[in-house]
Structures are given as structure tokens and as C-alpha cells.
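Have a look at this one before I ask anything.
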Amino acid sequence: MRRTRRYIAMMIILMASLLASAGCVSVPTTGPIDKVEGQQPSCQNGCVNVQVVPPDPSAGPKEIIEGYLRATSNYQPNYAVARQFLTPMAAEKWSPEVGVRIYQGSPVVQGDTVIFNRLVGQLEPDRTYTALASDKQFKWNFGLRQGENGEWRITHPPEGLMVAEFSFKYFYQPYDLFFVGNGRSLVPDPIYLPGLTNPANVASALMKGLLNGPSKWLKPAVTSAIPPKTSLSVDSVTITNGIAEVPLSDSVAALPDPQRSLLAAQIVYTLRQVPGVKGALIKVNQQPYRVPGSDPNSLAVPIDAISGDLDPIPSIVGEEPYAVQGRAVKQLTTASDSPTLKGLPGTLGHGKYPVDALALSVTNADFAVITDRRTTLRRAPITTGEPTTVLSGASELLRPQFTRYGELWAIGRQGGRQWIWVLSAGKKVPARIDLPVQDVKAFKISPDGTRMALVRSTKSGSELGLARIIRSDEIIVDGWRGLNTTPLIDKVQDVAWLDATDLLVLGASGTDTAYAPFRVVQDASRITRQGDPENWNAVELAVSPRRQTAIIVGAQGHTWKDDGSQWSPFIREQVRTIAYPG
């Protein structure tokens, strides 16, 4: 009994320590806290309030370091309490805004040196996340010194903040800043903020991030309708009756209506993530700023006033999937509890060619197939099913894909190497591929058409990564960024976009482990298993990002569909491959 009580007491101390290293934050930026009309009560949605205390005069070196780490994990204006653990000179030089290092496990204090098990990720100054793959320990000498009053202080703090992985996962929240891709669609740029309790503070942080522009990686692929050097004319965004008031500098005053519409779309999509926000009122020189589609009286822009054509996930005309049964392309009818396969007209609908892979256009008007043992790419209208050969003489062609811009993309081998082809209106589009990647085994372009997820074979298995798509006079594919998915995923079979920022991945943790679905945020900051593999022998994914429905195809042609809570057997008949429009 005594051992049990001692164990419970130890667990309570451990949980208190974890909570003290995590905590809820109140504002995203330095400076005073502004009271805002409609301010929400502190610490919503399961957040935990933690009292960060200054150093005790009798604290030894170890307690000073531990107290400092707790204080840096809990946001305050200018990190005033954290600075009290530093010498005056170190406190003046220390800049918490330079970024966040995220460490795994409990740090070990040895004298002046702290040993962190390993760093798993970091937030850059622009709040974007980078996953780190190194297994090496991270050591830092804090340079403790005892002052004339006998109190210990830190002389050499790490740059930025040190945050435990536990704290990051549970107390940092993901948000998206929205920019413009190809002048025609909004593109999300994910960032992370501490778990803020005041919606107006969230809105202020998001607007400042939006005005600072896209992240370094995404910047070449997007634009912003917001002119450079635009700023908030007042330091914060206020929220009244669900309307976020955004005071902008007069650099936006003379914009033409098309640019005003895009500017409003960027702002509204960014701010509608804030709880309670129903629209935005842009002001310039303290006067409401007119935007096409705004309320004629207040000039506020409701969140539903933005054209759906700009949405990161395009609308699809008809979202029933298509499948290949035997050699024939067929449409699935899912209106009843028992899905059925309906034949299509034309030679492809009647199985003239052996189809290896299938893709549907965003408009649901055309489909593309890989035939003849993955050597030929053909395209056909759904209404006729009569194909036109658009690419031949290749080998190992992967499943193709249409983009929202009407392009048809394909990857295959020709002349002893792997190529990426982009076709539009039946013609090859000038493209420059600048990727240190070969042996791609699967790819999927994001719904906004600006990012490409790729799976490539490696000596140790396979690797998941992202590339960006830049559209100007030519299409450029570059910016390869490998995603660290270990230890949950060591090998990848297939990938699809589950929504505008998250991937659905068929992955496994080792060579002897069956493939299972995982939800992977595009920066690999969060990886979540989405179900058990059972006897799937999974080989392929089909996903509809608009409805966030997914289908898994097994090696024997059986299918399973995610109904939102579990994977259930889908089509009775065996199929070779399956695809949603888009």
C-alpha cells in the first residue's frame, strides 16, 4: 500500500512538472495586453493555466535552469519572468522571437550544461515548423554565475525558446496564412502559435504574419494582393459582434477592385480560423475600406462573401469515384448502402485497353488512364470514352493527375531516367524540374496546385517529401523538402491530400509491418495513425479532399472506405484501381 501511495505521489509530481513546462499563453507578441470587446474567458478548450514564478533567492543552479525552461514554455509579454533567471546583460541580449527549439524527453542538468535527448523540430522566426531528423543529443552550456547577493543566474541562454515536445503538441495551435497561387486560388501557409486565450490576440498575430508575407519556402510559388510594407495602422485587431476590425496603412488605398477582392479573400480566410469571427471590416485612415461583395451599409466582408473559386480546395461537379474492373473503366454509384459499378461508353468503358492507373479531371469531364503495362498515357471525355494518346514510348508511368488549372501531370521513365511531363490542351507545357530526386514511386499535387507530395524509393526504403510548383512563363518544380516521419513511418507506399494542408499516407514502421493509413501534416509536425491495417495488403489510396473521404485498395482488389469513424469494406466487386475527380 505504501508503494502504491508513493507511486501515485510520483505521478502527481510528474504531471505537475509537465504542466508547468507547457501552459496556456495569453498574447502572441511582445508589448502590453489590450483589452478587447468580446474577450473570451481564459484557457478554453482544455487549456491549463500555469503560474510561472520568478526564481527563488535560495535556488541552486539546477533549480534556476529548470525554472528558466518552465518560464520559456509559458508565454508572457516579453517573457518577463524568464528574463529574471538571466543576468541583466544576458536578459538584455536574449531574443525569444528568433524561434523555438522543440526537444524530446526530460533534459538532464549536469552543472552548467543541460543535455536534451534530441531535437525533433523547430519553429522558425516566421512560426513555420521544420521537422529535424538528427538522433544526436543537444547540449547547451548555460554559463551559470553567482552574483554578489549569492543568487545564481544564467549568462548564456539558448537563442530563442526551448519547448518540450509535450508542450508543443498540446499547447501550440496550427493556423494558416493565405496567399495567392497562380493568381487564381488561395494557398495555405501553416504556422504555429501558442494556445492563445483571447481571439483578438490570435487575430492580431495572424494579421501580422500575413502582412509579413509567405514563408521562405513557399514564397517563390505564391503572390500576395497586399502591397509590400503594408502594416497595421493600429497595433492590434479588435473583434466586435463577430466582425474583426483590421486597420491597414494607406498603401492599400488605391488598389483596383480585382486586387481588393484578393486582398479581402486573404484576410477573411486567415481570420475566419479565429473562434467567433464571422467577417472582417478593413479600415484605412480610420474609415471603412470598400471591397467588392462587402455589406453595402457597414462595408464588412462576411466569411461567406468570398468566391468559392478561390477556395484552396476546388469545387467538384459530381464527386462519385470511378474504378477499373477487369479492363473497363466504370463509375461507382454510392447512393445506396451497396455501391454498384456502372459501365461507361466507348472503348475505355468496354475494356479495349488494359488500364493500370486512372485519374479524373476537377471538372469531372475527362479522365486519363495509364495503359499497356504502364507505357502509354491516354485521355478521353467521360461522355464518349474514346481516348486520345497524349504520351507514349515511356515506361513505369505512375498514376497521373489533373490539376485545377486543367493540366495533366505524369511521371515515368524514358531514355534511362525518370521524367515529369505536364500537358495542357493535349500539348506539352514547358517545364523545368529542379529536384534532387529520382525513383519517385507516387505523387500527388495539392488541391490548390502549388505543392506536390512525392514518395521516392531510397536505399533504406522510401521517403516522403514536398516540392513546390512555380507557374510563370514556364512551370518550375523545385524546393525539395524531405519530411521526417520516423519512427512512426519508415516506408511509404502511396500518398494523397486529405485537405489543403494534410496528407493521407499509406505507411509502415518497418519492412515486416503492414501498410496502414496515417494523417501527416505537410510539415510533419504531427503524424496520426488513422486505422489498423487488418488484412488489407494495401497498395493504393483514393481521396476526395472536398468531402475528406478516403478509399484504400488492396493488392487483391478489395476496397475499404473511411466513414469518419472506422474503415469498412466498400465495393463487393474486386477492382484494379480507383479514383475521385480532381
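Per residue, how much accessible area does the stretch 433-582 show when a 1.4 Å probe rolls over the protein heavy atoms, in square angstrom?
39 Å²
A further question on this structure: Cut-off 19 Å, label point 7 angstrom out along Cα-to-Cβ of ASN78: give me the residues of the stretch 94-112 whose amide nitrogen falls inside.
94-99
Another question about this same structure. In percent, how large is the relative contact order of the chain, given Cα pairs closer than 8 Å and 6 or more residues apart?
So the answer I get is 9 percent.
What does the extension gain come out to for ASP532 and VAL53, with contour length at 0.36 nm per residue minus their alpha carbon separation?
Result for the pair: 168.0 nm of gain on full extension.
Moving on. Counting heavy atoms of the protein chains only and a 1.4 Å probe, report the per residue accessible area for the stretch 121-214 as a whole number of Å².
Accessible area per residue: 40 Å².
On to the next question. Report the full-extension gain for the segment THR384 to ASP337: residue separation times 0.36 nm, less the Cα-Cα distance, to one decimal in nm.
In short, 14.1 nm is gained.
Okay, moving on. What order do you get for 362-370, 506-514, 378-386 when each peptide is scored by the mean count of other beta carbon atoms within 10 Å, highest first?
Highest mean packing first, the order is 362-370, 378-386, 506-514.
Between VAL317 and ASP126, what is the FRET efficiency for a Förster distance of 41 Å, r being their Cβ-Cβ separation, to the nearest 0.05?
The pair VAL317/ASP126 has a calculated efficiency of 0.65.
Here is a follow-up. Once R0 is set to 25 Å, what does the formula 1/(1 + (r/R0)^6) return for the Cβ-Cβ distance between ARG373 and THR513, expressed as a FRET efficiency to the nearest 0.05?
About 0.25, to the nearest 0.05.
R0 = 35 Å: FRET efficiency of SER95 with ASP478, Cβ-based, nearest 0.05?
According to the calculation, E is roughly 0.65.
Tell me which of TYR79, THR389, TYR322 sits at the most positive position along the dipole axis of the chain, charges placed on C-beta atoms (Lys, Arg +1; Asp, Glu -1).
THR389
Something else now. Which one, [x] -0.37; [y] -0.48; [z] -0.44, gives log10 I(q)/I(0) by the Debye sum over Cα atoms at q = 0.06 Å⁻¹ as derived from the coordinates shown?
Structure-derived value, by its label: [x].
Tell me what the chain gives for mean residue ellipticity at 222 nm when only DSSP H runs of n ≥ 4 count, each as -39,500 (n - 2.57), the sum divided by the residue total, rounded to 500 deg cm²/dmol.
-4000 deg cm²/dmol
Accessible area per residue, 1.4 Å probe, Å², for the stretch 57-113: what's the number?
45 Å²
Tally up the carbon and sulfur contribution to the accessible surface of the chain as a whole percent, 1.4 Å probe, everything protein left in place.
50 percent
The values are calculated or read from the model by the stated rules, or taken from the named source; none is laboratory data. Bear in mind the structure is a predicted one, so any value in this text is a computation, not a measurement. Quick reminder, even Gly has a Cβ in these numbers, built from the backbone with ideal geometry, and neighbours come from all protein chains shown. The area values use the complete protein model at the heavy-atom level, side chains included, leaving out ligands, DNA and RNA. Shrake-Rupley method; radii C 1.70, N 1.55, O 1.52, S 1.80 Å.
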